[in-house]
Amino acid sequence: MIHVNTDQLGALLNAGYGWNQEDGNAASYNNNRFYYVVWKPDTSVSYGKGLFVSTRIDRPDTPPTSDCCVLMLWFDDQGTLLQAGTHINLDTGNPANSVSCSTVTGASAEDIAEDLQKAIAAQIQQYSGDRPGRANYSNVVKRHILDVSACISLDSRRL
């Protein structure tokens, strides 16, 4: 059965510390000097026997403000990434300021991650002025796509 190895994913995200935030449900880490919190993914069956993975990536600023990204990934039954999409809610004081990127398909996880990174960077640029960590969001999404893809496992013993 296809699944995400969440222990492996937590170690990749958080330099070996794993899911050390929010009662073991999130990992925090720095990327390009900016702080992010990634939540354990939710999964469900998709594309016949494939896998749908969704996770949240927060970019906490000065609490209580925070940008929030929902990343959605679709894998086939062999663990190949088929497409990815995001919805990013930007804490700008205006609820209408959010960035949705269409789902992106490609020949490989690397292509999909790169294409989605470019789409996010282009759309988020206008909101990045006083928050440089926001401009880095596209890099974090790309990294997370590649990390989740690397942690997909086909284990016939897992139920």
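Keeping all protein chains in the complex and leaving out DNA, RNA and ligands, what accessible area do you get for F52 with a 1.4 Å probe, in Å² to the nearest 10?
About 50 Å², rounded to the nearest 10.
For the chain, take the longest principal axis of its alpha carbons; what is the angle in degrees between that and the long axis of helix 137-150, to the nearest 10 within 0 to 90?
Orientation of helix 137-150: about 10 degrees from the principal axis.
Can you check what the net charge comes to around S28, using other residues whose Cβ is under 10 Å from the Cβ of S28 (Lys, Arg +1; Asp, Glu -1)?
Summing Lys and Arg as +1 and Asp and Glu as -1 gives -2.
So how exposed is T43, as accessible area in Å² (1.4 Å probe, rounded to 10)?
Roll a 1.4 Å probe over it and T43 shows about 80 Å².
Calculate what fraction, in whole %, of the accessible area of the chain sits on carbon and sulfur atoms when a 1.4 Å probe is rolled over the protein chains.
47 percent
So for K142, K118, K40, K49, what's the accessible-area order with a 1.4 Å probe, most first?
K49, K118, K40, K142
For the chain, what does the accessible surface come to per residue with a 1.4 Å probe? Please give it in Å².
About 51 Å² of surface per residue is accessible.
On a 0 to 90 degree scale, rounded to 10, what angle separates helix 109-124 from the longest Cα axis of the chain?
The two axes meet at around 20 degrees.
Of all the Cα-Cα pairs you can form in the range 17-89, what percent are over 18 Å apart?
For the range 17-89, the share of Cα pairs beyond 18 Å comes to 48 percent.
Once the Cα gyration tensor of the range 1-124 is diagonalised, what are the square roots of 5 times its eigenvalues, in whole Å and ordered largest first, as equivalent ellipsoid semi-axes?
24, 20, 13
The values are calculated or read from the model by the stated rules, or taken from the named source; none is laboratory data. Model, not experiment: these values are computed from the prediction. Cβ coordinates were reconstructed from backbone atoms using ideal geometry, including for glycine residues, and neighbour counts include every protein chain displayed. Note: accessible area is taken over every heavy atom of the protein model, side chains too, but ligands, DNA and RNA are not part of it. Shrake-Rupley method; radii C 1.70, N 1.55, O 1.52, S 1.80 Å.
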